[in-house]
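For reference, the structure is listed below as structure tokens.
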Amino acid sequence: MHQSYFADANREYDGRWVGPAGDFLIEVKRTNNARDLRGALLALAYALEKEPSSAQAMLVLKESKLSSSRLRDELTQFRNIVRDGVGQKIHLVAFGEDIDRMQGVLPQFNEELALFIRDLVRHDTATHGGRVSRVFVQSLVVDRWLQGRSMTSSLEVLSESKASKPTVISALEHLRELDVIAGQFGEFVLQPPSWDAWQSLALDLKLERKAVYFADPSGLARGPSALLSRLIKVMDRASKPLDVALSGVMAAYHFYEHLNITAAPRLDLSVYDGNTEFVRKLDAGLVEVKNLKAHAPLVLHLGRRLRTPSASRTPGVGQASPLECLADLLDIGLMAEAHEFAEHLSRATTQGATFQ
């Protein structure tokens, strides 16, 4: 039995995998710079000094253009410089654009550790390495308006989003161009977006998040409702809460029960920590697929959380933001239904309704 978790911001590494042979400290870094690489290796060496002797560490480079031979040379030089007992416990691997292909000096580890490493890389990608993006800020402003908690100044947006001032200004400029906000940034008001504005906002968010599609090659996968029932059971039994919210058609029903869709074609879930390990507990036959034309009964959307969990009609799992649902409807190709949903959001909010 193993455990794995993402580290908090005060740690010198991004994640920890606890296995029967000892722990792995894992740091994810996006760089093609040898100086950054060496600094990250040294930081892991310091971190190992505080750990039991059985602990090891791994530096994972993402979107790396460094060759396998260069990675080997860098690791060999590092091991020659640091104390031998520490250097041999530090490993270096890299992902290029293909997240399923690792390169470098690979230690002997099992599939569970490999899956956890991929989850960490996905999490780092989904959160932009901790940076808050323009798309997240503009989505947050709209989501707070939908909740009836409108922010009315750039200072409020800065405080709520924790983004940089240039990022906030860029997001508010974009919202002004879409006629979603009016007034000066020191004091502005939000107004219902047009259909074109809703589409722009939702498509921005769709591209911001990473979609991971799952299908059963045998064609015997559980349906969306059955997968949701399994998810509720998994969340009830989990020792650590899953950072997951219901999205897509099923969550859209929560915000608009008269949405004209006969049945959900798939289960959409927003995943906010990048961890996809729970999928195997929903249906052991599900595997990640690259062919987007294949029927995928389960789709995970990896990104940053827009709203804190709230009361839900579905025990054990809350709803994602309405804007996330709209992005998923567009991803499915339900254009008419997405238009209907967006019109409901604008109409209801104008009449004083809120979407919790």
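So here's what we get for this one:
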read-out: Scan of region 233-273 for residues that are closer than 17 Å to residue 299 by Cα and of a type in the set (Gly, Ala, Ser), ordered by number; value: 245, 247, 248, 251, 252, 263, 264, 270
read-out: Residue pairs meeting the criteria (Cβ under 8 Å; at least 6 apart or on separate chains; first farther than 20 Å from residue 61 by Cα, in region 10-28; second in a loop (DSSP other than H, G, I, E, B) and at pLDDT 80 or above); value: 21/54; 22/52; 22/54; 22/55
read-out: Candidate set: region 50-71, residues that are open to solvent by 70 Å² or more (accessible area, probe 1.4 Å) and either closer than 15 Å to residue 27 by Cα or in contact with an Asp or Glu (Cβ under 8 Å, 6 or more places away or on another chain) (or both); chosen: the one modelled with the lowest pLDDT; value: 63
read-out: Close pairs (7 angstrom Cβ cut-off, 6 or more residues apart or separate chains): under 26 Å from residue 20 (Cβ atoms) in region 41-65, open to solvent by 60 Å² or more (accessible area, probe 1.4 Å) and outside any loop (DSSP other than H, G, I, E, B) anywhere; value: 59/29
read-out: Residue count for region 72-106, restricted to those that are modelled with pLDDT of 75 or more and either open to solvent by less than 40 Å² (accessible area, probe 1.4 Å) or in contact with a Lys or Arg (Cβ under 6 Å, 6 or more places away or on another chain) (or both); value: 12
read-out: Number of the condition not met by residue 183 [criteria: (1) in a strand (DSSP E or B); (2) open to solvent by less than 30 Å² (accessible area, probe 1.4 Å)]; value: (2)
read-out: The lone exception for residue 159 - which of (1) under 20 Å from residue 348 (Cβ atoms); (2) modelled with pLDDT under 95 it fails; value: (1)
read-out: Qualifying residue in region 186-204 (condition: β-branched (Val, Ile, Thr), in a strand (DSSP E or B) and buried (at least 17 other Cβ atoms within 10 Å of the Cβ)); value: no
read-out: Test: residue in region 258-266 that is charged (D, E, K, R), under 18 Å from the mean Cα position of the chain (by Cα) and at pLDDT 90 or above; value: no
read-out: Wholly enclosed strands (runs of 3 or more DSSP E) of region 221-311 bearing at least 2 residues open to solvent by less than 40 Å² (accessible area, probe 1.4 Å), touching a strand residue (DSSP E or B) at 6+ places or on another chain (Cβ under 7 Å) and touching a residue at least 40 places away in the same chain (Cβ under 8 Å); value: 244-247, 267-271, 298-302
read-out: Boolean, residue 123 is at pLDDT 70 or above and assigned to a strand (DSSP E or B); value: no
read-out: Residues within region 141-155 that are surrounded by 15 or more Cβ atoms within 10 Å (Cβ to Cβ) and not in a loop (DSSP other than H, G, I, E, B), tallied; value: 7
read-out: Within region 1-49, considering residues that are aromatic (Phe, Trp, Tyr) and open to solvent by less than 30 Å² (accessible area, probe 1.4 Å), the one modelled with the highest pLDDT; value: 24
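The values are calculated or read from the model by the stated rules, or taken from the named source; none is laboratory data. Note that this is a predicted model, so its numbers are computed, not measured. When we count neighbours, we look across all protein chains shown, and the Cβ atoms used for this are built from the backbone with ideal geometry, even at glycine. The area values use the complete protein model at the heavy-atom level, side chains included, leaving out ligands, DNA and RNA. Shrake-Rupley method; radii C 1.70, N 1.55, O 1.52, S 1.80 Å.
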